[in-house]
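Below is one structure; the comments refer to it alone.
The values are calculated or read from the model by the stated rules, or taken from the named source; none is laboratory data. Computed from a predicted model, the values in this text were never measured in an experiment. Heads up, the Cβs are rebuilt from the backbone with ideal geometry, glycines too, and the neighbour counts pull from every protein chain shown. Just the protein is used for accessible areas: all its heavy atoms, side chains included, with ligands, DNA and RNA removed. Shrake-Rupley method; radii C 1.70, N 1.55, O 1.52, S 1.80 Å.
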Amino acid sequence: MNVFTHPRVARDEAVKAARLDGEGSVQVMLDPSVTIETAKVFAIYGKGGIGKSTTSSNLSVAFSKLGKRVLQIGCDPKHDSTFTLTKSLIPTVIDILEKVDFHTEELRADDFVFEGYNGVKCVEAGGPPAGTGCGGYVVGQTVKLLKEHHLLDDTDVVIFDVLGDVVCGGFAAPLQHAERALVVAANDFDSIFAMNRIIAAIKAKSKNYNVRLGGVIANRSRETDQIDRFNAAIGLKRLAHFGDVDAVRRSRLKKSTLFEMEESPEVLAVRAEYMRLAETLWAGTDELTADPMKDRDIFDFLGFD
């Protein structure tokens with residue numbers, strides 16, 4: 001059995017999805033009955049390499065420190081979202097499904113869910129081989145599998161860590177499950193330009209799904225002036241700021257979260273900011289209705305004369 005859809009079938013499904021899933025969508029159709037009802041769900045987006053996995057993993061730990069039951073789902077074929085939590089590259093859902101010829105009834109929960117630091121549950125969805133298939137299908141299959149094993153019933157927070165700045169229908173799939181979408185950005189042209197396009201994708205999904213923009217997490221930047229200026233122009237809000245801290249770089253090399261690093265003033269400050277962000281998100285954030293700029297407009301807007 002092949003997990004990936006025949007091209008003709010995929011095209012037909014895409015045409016159907018285009019009518020149901022937001023203007024211009026050509027996403028592979030997912031099962032609308034597969035939903036996450038019992039947990040707060042956050043989808044983390046941002047330019048490739050901006051620190052989404054670091055942000056997601058430390059935020060997961062922060063939620064767990066608040067006493068919440070947390071599940072982090074990596075949505076990148078590189079399957080490296082959770083390695084600071086588990087200290088390893090755990091097998092992906094797709095890898096495990098292939099081993100049982102996609103007979104999900106043969107799987108146990110601990111075949112694809114692994115426990116990380118402080119009890120955070122970790123799943124890596126994986127993805128199709130390069131240049132084939134649809135990442136959205138993989139995300140959909142992962143959520144379906146979690147529901148079949150009742151793993152979402154005992155979860156308070158789900159965090160989707162989503163591949164780079166790809167805003168195709170497939171990698172926008174977590175937005176169908178999320179309550180809030182968060183964007184990680186640095187104080188530079190490229191990440192803000194990517195953020196603008198991601199916001200457009202989130203806005204398109206919000207027409208037919210419950211997801212709303214939650215705000216921006218400034219990362220790897222001493223200053224936030226360009227982010228704040230952009231936010232003010234389109235109606236966004238900065239939720240947290242993590243500076244260019246060397247301890248973050250070292251934590252990745254040590255395969256550890258910031259909460260496991262040796263204490264220092266900068267580490268304690270970053271931990272406190274993650275705890276504050278987790279408390280803010282758990283309490284609930286405003287629904288932001290930002291209006292993204294056209295590419296040419298944001299090109300002219302960013303920077304200094």
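Within region 199-212, does at least one residue satisfy the condition of being without any contact (Cβ under 8 Å) to a residue 24 or more places away in the chain and either crowded, with 20+ Cβ neighbours inside 10 Å or not in a loop (DSSP other than H, G, I, E, B) (or both)?
Checking region 199-212: not a single residue is without any contact (Cβ under 8 Å) to a residue 24 or more places away in the chain and either crowded, with 20+ Cβ neighbours inside 10 Å or not in a loop (DSSP other than H, G, I, E, B) (or both).
Among the residues of region 213-234, count how many are farther than 20 Å from Ser53 by Cα and not in a helix (DSSP H, G or I).
The qualifying residues number 2.
Working carefully through the options Ser81, Ser53, find the one that is over 16 Å from Gly127 (Cα atoms), in contact (Cβ under 8 Å) with a residue 60 or more places away in the chain and either in a helix (DSSP H, G or I) or among the polar types (S, T, N, Q) (or both). Write out each step before concluding.
Values: Ser81 fails: over 16 Å from Gly127 (Cα atoms).
Matching residue, one of Ser81, Ser53: Ser53.
Given the structure, is Ala181 touching a Gly at 6+ places or on another chain (Cβ under 9 Å), in contact (Cβ under 8 Å) with a residue 40 or more places away in the chain and in a strand (DSSP E or B)?
Against the criterion (touching a Gly at 6+ places or on another chain (Cβ under 9 Å), in contact (Cβ under 8 Å) with a residue 40 or more places away in the chain and in a strand (DSSP E or B)), Ala181 qualifies.
One line per residue, one yes/no per condition, for (1) aliphatic (A, V, I, L, M); (2) open to solvent by 10 Å² or more (accessible area, probe 1.4 Å); (3) over 14 Å from Glu115 (Cα atoms); (4) in contact with a strand residue (DSSP E or B) (Cβ under 9 Å, 6 or more places away or on another chain):
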position: Leu59; (1), (2), (3), (4): yes, no, yes, yes
position: Gly67; (1), (2), (3), (4): no, yes, yes, no
position: Cys75; (1), (2), (3), (4): no, no, yes, yes
position: Asp80; (1), (2), (3), (4): no, yes, yes, yes
position: Thr84; (1), (2), (3), (4): no, no, no, no
position: Lys87; (1), (2), (3), (4): no, yes, no, no
position: Ile90; (1), (2), (3), (4): yes, no, no, yes
position: Glu98; (1), (2), (3), (4): no, yes, yes, no
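Do any residues in region 97-112 that are under 17 Å from Pro128 (Cα atoms) have Cβ atoms under 6 Å from those of residues that are part of a helix (DSSP H, G or I) and of a type in the set (D, E, K, R), where the two are at least six apart or on different chains, and which pairs are they?
Cβ pairs passing all conditions: Val100/Glu106.
Report yes if some residue within region 109-123 is surrounded by fewer than 20 Cβ atoms within 10 Å (Cβ to Cβ), modelled with pLDDT of 85 or more, of a type in the set (S, T, N, Q) and touching a Lys or Arg at 6+ places or on another chain (Cβ under 9 Å); otherwise report no.
yes
Could you tell me whether Asn231 is in contact with a Gly (Cβ under 9 Å, 6 or more places away or on another chain), among the polar types (S, T, N, Q) and open to solvent by less than 40 Å² (accessible area, probe 1.4 Å)?
In short, yes.
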